[in-house]
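Enquirer: What follows is a single structure, and I will ask about it in a moment.
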Amino acid sequence: MSETVAEPVVVMRAEPQNQTEVFAVHGADPEVLAYAMAKYSRSALSMKESLKEISSQRAEQFLNTFYFQYGHRSIADLAHIAFAVERLSLLAAISLVDEQRWDGQERSTRYQNFKKSSWYMPDFGTDRDAAQLYRESIEGLFTAYHELAEGMFESLKNQVARPNEMKQESYDRTLKARAFDVARYLLPLATNTSLGQIVNARTLETQVSRLLSSPYAEIRELGERLRAAATGPAWNVHAEELAGLQREIAALDPALGAKAEALLTREVKTAPTLVKYAASNSYEIETKRELLQAAAELMQGEAIQPAPLVDLVERAESLEVEIATTLLYGSCHYPYRQLRNRVASLSEARINELIALGTRHRSKHDELLREFSAGQTLRFDILMDIGGFRDMHRHRRCIQVLQRYTTAHGYAIPEGVAEAGLQLQYEAAVQSAHNSHDKLGTESADYLLPLGTRIRALFKMDFAEALYISELRSQQQGHFSYRRVAWEIYEAVRKQYPSLAQYFRVTDVNEPVDLLKR
């Protein structure tokens with residue numbers, strides 16, 4: 001009887017490979033590409049091999065299972081989508097871009113004339129008087145904006161001579177931009193703007209949910225439109241050319257034309273799966289409603305204490321007091337310091353009750369509110385014009401908490417308007433808009449507020465970010481509003497941490513500025 005001889009076991013050994021391959025990927029739909037990248041975690045296939053075998057249907061099945069059922073939310077970080085958002089109000093734009101993970105660009109009020117810009121009209125229902133007051137106020141602001149821009153341009157031409165080497169066109173363009181720096185203070189929040197954004201699908205989902213939770217009807221509608229754009233067919237910049245090519249192919253070879261049609265003219269949906277369930281967030285809605293009531297009960301109509309442009313609030317409280325204070329901050333108009341001192345006087349049990357308000361309605365899928373991002377050493381409470389805040393809003397490494405719009409803090413007077421003899425005209429326009437806002441007394445009235453209106457915002461950051469903002473925003477080509485804020489941030493750090501001031505390379509905003517340099 002012959003013996004069975006076992007075949008030798010072949011052991012596969014890893015071989016040295018020193019040539020790293022790097023290639024950019026183009027042409028894959030965002031969710032398909034996200035699936036292919038996620039496969040690196042579970043598969044040894046290369047990206048090229050994965051993309052060859054993945055279909056949009058398989059990507060949808062994968063995302064439904066791993067993203068929605070298993071909660072692997074980081075998968076959505078891999079799908080990036082570009083959007084054009086056009087003809088939205090400045091008020092809506094501020095809300096739209098209020099994300100920490102956001103990339104985009106908006107029409108500049110510094111370089112473009114908004115004289116002929118359209119504006120948002122809320123629905124006042126049957127209240128014709130309110131609608132008429134709103135319309136008259138908006139039209140009055142745009143008229144004043146145009147007059148202020150023209151007046152400032154003429155004043156600047158009288159102040160600044162054109163150098164011989166500078167072309168008249170460049171001279172006029174530069175001085176007009178300087179004039180817009182002043183005139184923009186009269187643009188109402190109803191002014192329509194346009195922007196582009198590139199976000200990953202996870203940010204998009206939270207963005208849509210946040211917009212759908214807004215008290216403003218325009219912003220809720222914007223959330224719906226954003227979700228529809230992500231889940232519906234995307235606009236293809238080459239659609240007409242590709243369709244024409246397909247028709248030419250079909251004319252020569254109908255069978256090949258049918259094949260080309262499936263490839264060249266197919267509809268692409270950028271995020272049909274990852275954003276489809278985005279809805280209003282009851283956690284955010286209910287929590288903010290209760291915090292609004294809690295802040296009112298705590299402060300009991302106490303007068304708002306005067307505060308500087310920038311207040312670096314020293315760390316003198318516990319983490320619990322900071323969290324409770326920050327939760328209430330966005331639901332009132334008080335300075336952080338005043339609110340902090342009031343919260344610090346409460347019992348430990350009452351402080352914990354305030355913190356609990358921030359989590360009471362939280363479901364297992366909800367991230368904590370931004371206000372819980374606490375513990376930073378540098379907390380700047382900034383009271384500045386809305387226009388300047390929109391520039392500061394771009395510093396997304398900070399934790400930013402914005403208070404609600406109000407006329408309670410008055411308005412800023414832009415540099416140069418007094419010298420041009422236009423201050424009375426400017427103040428009359430702003431005050432008229434503020435009076436109309438207070439008379440209407442509804443959320444829709446906020447659209448009447450000009451960009452010169454002051455609002456309060458809390459910026460929490462580390463030392464590196466404070467240095468970066470101070471250095472970048474104090475430069476001479478910047479707008480005088482945020483240049484002053486950047487300087488005051490530096491000054492506040494210098495006073496509290498004098499040994500660290502030497503590391504700032506700031507531009508002294510008190511030095512004269514060459515108005516022909518942008």
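The values are calculated or read from the model by the stated rules, or taken from the named source; none is laboratory data. This is a predicted model, so every value here is computed, not measured. A quick note on method: Cβ atoms are made from the backbone with ideal geometry, for glycine too, and the neighbour counts reach across all protein chains shown. The area values use the complete protein model at the heavy-atom level, side chains included, leaving out ligands, DNA and RNA. Shrake-Rupley method; radii C 1.70, N 1.55, O 1.52, S 1.80 Å.
Enquirer: Is it the case, given these coordinates, that Asn236 is in contact (Cβ under 8 Å) with a residue 12 or more places away in the chain and crowded, with 19+ Cβ neighbours inside 10 Å?
Expert: It is false that Asn236 is in contact (Cβ under 8 Å) with a residue 12 or more places away in the chain and crowded, with 19+ Cβ neighbours inside 10 Å.
Enquirer: So if I check each of Ser117, Ser89, which one is of a type in the set (S, T, N, Q), under 18 Å from Glu218 (Cα atoms) and surrounded by 20 or more Cβ atoms within 10 Å (Cβ to Cβ)?
Expert: Ser89
Enquirer: With Pro215, Pro306 as the choices, which residue is more than 28 Å from Ser74 (Cα to Cα), in contact with a helix residue (DSSP H, G or I) (Cβ under 6 Å, 6 or more places away or on another chain) and of a type outside the set (Phe, Trp, Tyr)?
Expert: Going through Pro215, Pro306 in turn, just one is more than 28 Å from Ser74 (Cα to Cα), in contact with a helix residue (DSSP H, G or I) (Cβ under 6 Å, 6 or more places away or on another chain) and of a type outside the set (Phe, Trp, Tyr): Pro215.
Enquirer: Related question: Is at least one residue of the stretch 488-508 among the β-branched types (Val, Ile, Thr) and under 30 Å from Ile323 (Cα atoms)?
Expert: Scanning the stretch 488-508, I find at least one residue that is among the β-branched types (Val, Ile, Thr) and under 30 Å from Ile323 (Cα atoms), so the answer is yes.
Enquirer: Say we look at the stretch 436-466 and pick out the residues that are assigned to a helix (DSSP H, G or I) and out of contact with any helix residue (DSSP H, G or I) (no Cβ under 9 Å at 6 or more places or on another chain); which of these is nearest to Gly330 (Cα to Cα)?
Expert: Selected residue: Glu465.
Enquirer: Going through the stretch 384-398 one residue at a time, which ones are more than 22 Å from Leu186 (Cβ to Cβ) and open to solvent by 20 Å² or more (accessible area, probe 1.4 Å)?
Expert: Within the stretch 384-398, Arg394, Arg396, Arg397 meet the criteria.
Enquirer: Hey, another quick one. If I filter the stretch 92-114 down to residues being among the small types (Gly, Ala, Ser) and in a helix (DSSP H, G or I), which single residue comes out as most open to solvent (accessible area, probe 1.4 Å)? Outline the logic, then answer.
Expert: So in the stretch 92-114, the residues among the small types (Gly, Ala, Ser) come out as 92-93, 95, 104, 108.
With in a helix (DSSP H, G or I) added as a condition, the list becomes 92-93, 95.
On the way: Ala92: 1, Ala93: 1, Ser95: 28 Å².
Top of the filtered list is Ser95.
Enquirer: Also: Among the numbered criteria (1) at pLDDT 95 or above; (2) over 24 Å from the mean Cα position of the chain (by Cα), which one does Gly223 miss?
Expert: It fails just one condition, (2).
Enquirer: Out of all the residues in the stretch 399-409, is one or more open to solvent by 20 Å² or more (accessible area, probe 1.4 Å), farther than 30 Å from Glu154 by Cβ and in contact with a Gly (Cβ under 9 Å, 6 or more places away or on another chain)?
Expert: yes
Enquirer: Just the residues that are without any contact (Cβ under 8 Å) to a residue 24 or more places away in the chain and either more than 19 Å from Glu302 (Cα to Cα) or under 26 Å from the mean Cα position of the chain (by Cα) (or both), please, taken from the stretch 328-349.
Expert: Correct list: Ser347, Ala349.
Enquirer: Considering the stretch 314-330 alone, what residues qualify as being hydrophobic (A, V, I, L, M, F, W, C) and over 16 Å from Ala295 (Cα atoms)?
Expert: Within the stretch 314-330, Ala316, Leu319 meet the criteria.
Okay, residues lined up against (1) out of contact with any Cys (no Cβ under 9 Å at 6 or more places or on another chain); (2) open to solvent by less than 20 Å² (accessible area, probe 1.4 Å):
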position	(1), (2)
Gly421	yes, no
Tyr426	yes, yes
Ala433	yes, yes
Leu440	yes, no
Ala445	yes, yes
Arg454	yes, no
Phe459	no, yes
Ala464	yes, no
Tyr468	yes, no
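Enquirer: A follow-up question, please. Given the conditions (1) farther than 16 Å from Arg87 by Cβ; (2) polar (S, T, N, Q); (3) open to solvent by less than 20 Å² (accessible area, probe 1.4 Å), and given that Thr193 satisfies all but one, which numbered condition is not satisfied?
Expert: Only one criterion in (1) farther than 16 Å from Arg87 by Cβ; (2) polar (S, T, N, Q); (3) open to solvent by less than 20 Å² (accessible area, probe 1.4 Å) is unmet by Thr193, namely (1).
Enquirer: Taking interchain pairs and intrachain pairs at least six residues apart, which have beta carbon atoms under 9 angstrom, with the first residue in the stretch 301-313 and under 15 Å from Ala486 (Cβ atoms) and the second open to solvent by 70 Å² or more (accessible area, probe 1.4 Å) and assigned to a loop (DSSP other than H, G, I, E, B)?
Expert: The qualifying pairs do not exist here.
Enquirer: Scan the stretch 246-297 residue by residue and report those that are of a type in the set (A, V, I, L, M), over 30 Å from Ala356 (Cα atoms) and touching a residue at least 24 places away in the same chain (Cβ under 8 Å).
Expert: Answer for the stretch 246-297, where residues must be of a type in the set (A, V, I, L, M), over 30 Å from Ala356 (Cα atoms) and touching a residue at least 24 places away in the same chain (Cβ under 8 Å): Val268, Ala271, Leu274.
Enquirer: Going through the stretch 485-501 one residue at a time, which ones are farther than 15 Å from Val313 by Cβ, of a type outside the set (A, V, I, L, M, F, W, C) and surrounded by fewer than 21 Cβ atoms within 10 Å (Cβ to Cβ)?
Expert: Looking only at the stretch 485-501, we keep the residues that are farther than 15 Å from Val313 by Cβ, and these are 485-487, 490, 494, 498-501.
Retained after the next criterion (residues that are of a type outside the set (A, V, I, L, M, F, W, C)): 490, 494, 498-499.
Arg494, Pro498, Ser499, listed by residue number.
Enquirer: Which of the residues belonging to the stretch 258-279 are open to solvent by 40 Å² or more (accessible area, probe 1.4 Å) and of a type outside the set (A, V, I, L, M, F, W, C)?
Expert: Across the stretch 258-279, the qualifying residues are Lys259, Glu261, Thr265, Arg266, Glu267, Lys269, Pro272, Lys276, Tyr277.
Enquirer: Let me ask something additional. What is the one condition in (1) more than 21 Å from the chain's Cα centre (by Cα); (2) over 24 Å from Arg340 (Cβ atoms) that His409 does not satisfy?
Expert: Checking His409 against (1) more than 21 Å from the chain's Cα centre (by Cα); (2) over 24 Å from Arg340 (Cβ atoms), the one that fails is (2).
Enquirer: Something else: So, in the stretch 161-197, how many residues would count as being farther than 23 Å from Gly416 by Cα and of a type outside the set (A, V, I, L, M)?
Expert: Qualifying residue count for the region: 9.
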